[in-house]
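The values are calculated or read from the model by the stated rules, or taken from the named source; none is laboratory data. From a predicted model like this one, the values you see are computed outputs, not experimental measurements. All Cβ positions, glycine included, derive from the backbone under ideal geometry; neighbour counts span all protein chains shown.
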Amino acid sequence: MEQLTQASSDIVQARALNQVCAWNATHTQIITITSLAVSQTLKGKASSTIQVQQLGGTVDHVTQSIMGDVSFRSQTEYILFLEPADGSTYHVVGMSQGAYPVYQDATSHDERVVLPANQAPIQSLVSGGGNPAGTVPLGGFHKYVATLVNGGIQIPHGLNLPVSIAYTESRGVGRLHVYGKTTAQLFPNKKVVIPAGTQVEGEAVLAGGSWTIHWEEVNIRGVHAEISATSNESEGSLRGRHVMLNVR
């Protein structure tokens, strides 16, 4: 759950409204777009109506399916962990791992969240318990996710970060602010994920014909984490260079 939360740019509670399936431009893949009405935002700044893009679907008499993906049901409520896709659409992070159906219990009339079988241990972490089994109270789940969102991120020491320098900004003669992007998705431990394309920032100083870059910060889906790493590059434009950072 920590990794899922960090990998998501947006986490929302939303109700599925309708779906549209169509071929892509090259007629090689069916794409399904699901429109959802957002009732609550737990992370990010999603609009009141969002669209989720998935591979697969049915057009005419042709069906393409993707194992392990979410099967949205009309008028069903979900807690969704999302990341940007093309344009204004989203992907669900981790496919079905990032979609939690919400239902109203027939006996208590309380709203509850259905957990995947491999996430049963979450029941002990969510206030309100797990009765019926495999579910937790919606309010407790919201609080649990909010705790993870606000908990911050600790980048482990010794981690190697592959970074491509995207651009720089002048800070005066011989000084630059440097912006890079990670070039691979990393899972340093069970509580941290660093998606490919994560922004890394630092300050560069030119001396003796070479740049010394002091890397200071990683921005993971809007959450800033401090790091300490140093790299050295020859004089000239830094844009487009690839460096390997060792976090101290």
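Among the residues in the stretch 168-175, are any in a loop (DSSP other than H, G, I, E, B), on the phi > 0 side of the Ramachandran plot and within 22 Å of the chain's Cα centre (by Cα)?
Here is the first cut: in the stretch 168-175, the residues in a loop (DSSP other than H, G, I, E, B) are 171-174.
Of the ones still in play, those that are also on the phi > 0 side of the Ramachandran plot are 172, 174.
Within this subset, residues satisfying the condition of being within 22 Å of the chain's Cα centre (by Cα) are none.
The answer is no; no qualifying residue exists.
When you go through D86, D105 one by one, which is the residue that is out of contact with any Phe, Trp or Tyr (no Cβ under 9 Å at 6 or more places or on another chain) and closer than 30 Å to E226 by Cα? First the steps, then the outcome.
Details: D105 fails: closer than 30 Å to E226 by Cα.
The unique qualifying residue is D86.
Looking for whichever is free of Cβ contacts under 8 Å to residues at least 24 places away in the same chain and farther than 24 Å from S8 by Cα here; the options are S234, S170. Which one fits? Quick ask: steps written out before the conclusion?
Working: S234 fails: free of Cβ contacts under 8 Å to residues at least 24 places away in the same chain.
The unique qualifying residue is S170.
Could you list, in sequence order, all residues of the stretch 198-231 that are in contact (Cβ under 8 Å) with a residue 24 or more places away in the chain and part of a loop (DSSP other than H, G, I, E, B)?
Of everything in the stretch 198-231, those that are in contact (Cβ under 8 Å) with a residue 24 or more places away in the chain and part of a loop (DSSP other than H, G, I, E, B) turn out to be G209, R221, G222.
Kindly indicate the residue of the stretch 190-213 that is among the hydrophobic types (A, V, I, L, M, F, W, C) and under 16 Å from L161 (Cβ atoms) and also surrounded by the fewest Cβ atoms within 10 Å (Cβ to Cβ) among those meeting that condition.
A196
Anything in the stretch 38-84 that is in contact with a helix residue (DSSP H, G or I) (Cβ under 6 Å, 6 or more places away or on another chain) and surrounded by 11 or more Cβ atoms within 10 Å (Cβ to Cβ)? List them, or say none. Even if it seems obvious, please write down each step before you answer.
From the stretch 38-84, those in contact with a helix residue (DSSP H, G or I) (Cβ under 6 Å, 6 or more places away or on another chain) are 42-43, 68-70, 81; that's our starting set.
Correct list: L42, K43, D69, V70, F81.
Scan the stretch 224-239 and give yes if some residue there is among the basic types (K, R), surrounded by fewer than 15 Cβ atoms within 10 Å (Cβ to Cβ) and not assigned by TED's automatic domain parsing to the domain that holds S108, otherwise no. I'd like the intermediate steps shown before the answer.
Here is the first cut: in the stretch 224-239, the residues among the basic types (K, R) are 239.
The next check asks that each one be surrounded by fewer than 15 Cβ atoms within 10 Å (Cβ to Cβ); those that pass are 239.
Keeping just the survivors that are not assigned by TED's automatic domain parsing to the domain that holds S108 gives 239.
Yes, the stretch 224-239 contains a residue that is among the basic types (K, R), surrounded by fewer than 15 Cβ atoms within 10 Å (Cβ to Cβ) and not assigned by TED's automatic domain parsing to the domain that holds S108.
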